[in-house]
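The values are calculated or read from the model by the stated rules, or taken from the named source; none is laboratory data. Note that the coordinates shown come from a computational prediction; the quantities given were computed from them, not determined experimentally. When we count neighbours, we look across all protein chains shown, and the Cβ atoms used for this are built from the backbone with ideal geometry, even at glycine. Each accessible area value is taken on the protein alone, full model and side chains, heavy atoms only, with ligands, DNA and RNA left out. Shrake-Rupley method; radii C 1.70, N 1.55, O 1.52, S 1.80 Å.
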Amino acid sequence: MDEYLTIENISEGIYKEKGSKFLAFAHPVMSIEEIKEIIDGYKKEYFDARHHCYAWRLGIGNEESFRANDDGEPSGTAGKPIYGQILSNNLTNILVVVIRYFGGIKLGTSGLIYAYKTATTDALSQATIITRLVEDRVTVRFAYESMNDIMRIIKEENPRIINQDFDLMCSISMYQRRNCVGSLIERLSKFGEVV
C-alpha cells in the first residue's frame, strides 16, 4: 500500500453549545516536530482558552503513529472523539486541534464527546481530501563520468528530485513512490553509491 488520504490545506470548524465555543483546526502534517510547533502556536494564540485538545495520526501500516490528548478535559471526552473522526475519514498525516472556550455551563461527558466530535467533523467537512503517495527518500552519489547514465535512469524512473549537487563528486536526492523505489535503487547502484 503506497497511497494514503490526507487533507490538502488547513481547514477550520466550529461548534457552540450552552455558551461554550469549540474551534477546530485541521492541518496536513509530516512530522512530530511540525505537530508540536503547530500546537504550541495555538496555545500562544489562544492563551485565554481553557483547553487545547488534539489528535494526530502519521504514517500508514506498520509505520503508523498517533496520539490523542484531552488537555484537562475528563479522560476520553476530547482527544478520543477527535481521533475517531480522523479514523472514520481514513485520514493520516493530519493534526486536528480543538480549542474550547468554556461558557460557564458544564456539558457532561456525553455533551463533551459530542461537541469535540462535531467541531472536528465540521473542520474535516471544510477540507479538501486528497490522495498522496508514500514516498521514500533516495540519494545517489556518483562520479561526474556517470552523469549520463544516472540522468537516463532518473528520466525513465521519474522520481521527484529535491536536491542536486554537481561538484567533483555529484549527488542527487529524490523521492520515489514506495512500490517503485526498489527498481530505482537497483539501477542507480550500478553507477554510484545509493543511500
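Quick look at the numbers
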item: Matching residues, region 88-121, being of a type outside the set (V, I, T) and either open to solvent by 80 Å² or more (accessible area, probe 1.4 Å) or over 18 Å from E73 (Cβ atoms) (or both); result: S88, N89, N90, L91, N93, K106, S110, Y114, K117
item: Test: residue in region 142-159 that is in contact with a Ser or Thr (Cβ under 6 Å, 6 or more places away or on another chain) and polar (S, T, N, Q); result: no
item: Candidate set from region 1-15 (those that are farther than 30 Å from G104 by Cα and assigned to a strand (DSSP E or B)); member that is modelled with the lowest pLDDT; result: E3
item: Pairs, first modelled with pLDDT of 95 or more in region 124-142, second among the aromatic types (F, W, Y), C-beta under 6 Å, six or more apart; result: F142/F191
item: Test for G59: is it without any contact (Cβ under 8 Å) to a residue 24 or more places away in the chain, over 17 Å from Y116 (Cβ atoms), of a type outside the set (D, E, K, R) and open to solvent by less than 40 Å² (accessible area, probe 1.4 Å); result: no
item: Selection within region 16-31 - within 20 Å of I94 (Cα to Cα), open to solvent by 10 Å² or more (accessible area, probe 1.4 Å) and modelled with pLDDT of 95 or more; result: L23, F25, H27, P28
item: Given (1) assigned to a helix (DSSP H, G or I); (2) open to solvent by less than 40 Å² (accessible area, probe 1.4 Å), index of the condition R152 fails; result: (2)
item: Every pair of residues 6+ apart whose Cβ atoms lie under 8 Å, when the first sits in region 165-193 and is at negative phi and open to solvent by 60 Å² or more (accessible area, probe 1.4 Å) while the second is assigned to a strand (DSSP E or B) and polar (S, T, N, Q); result: D165/S171
item: Considering residues of region 35-49 that are part of a helix (DSSP H, G or I) and touching a residue at least 40 places away in the same chain (Cβ under 8 Å) only, the residue farthest from F102 (Cα to Cα); result: I35
item: Yes/no for Y15 being closer than 21 Å to T118 by Cα and without any contact (Cβ under 8 Å) to a residue 60 or more places away in the chain; result: no
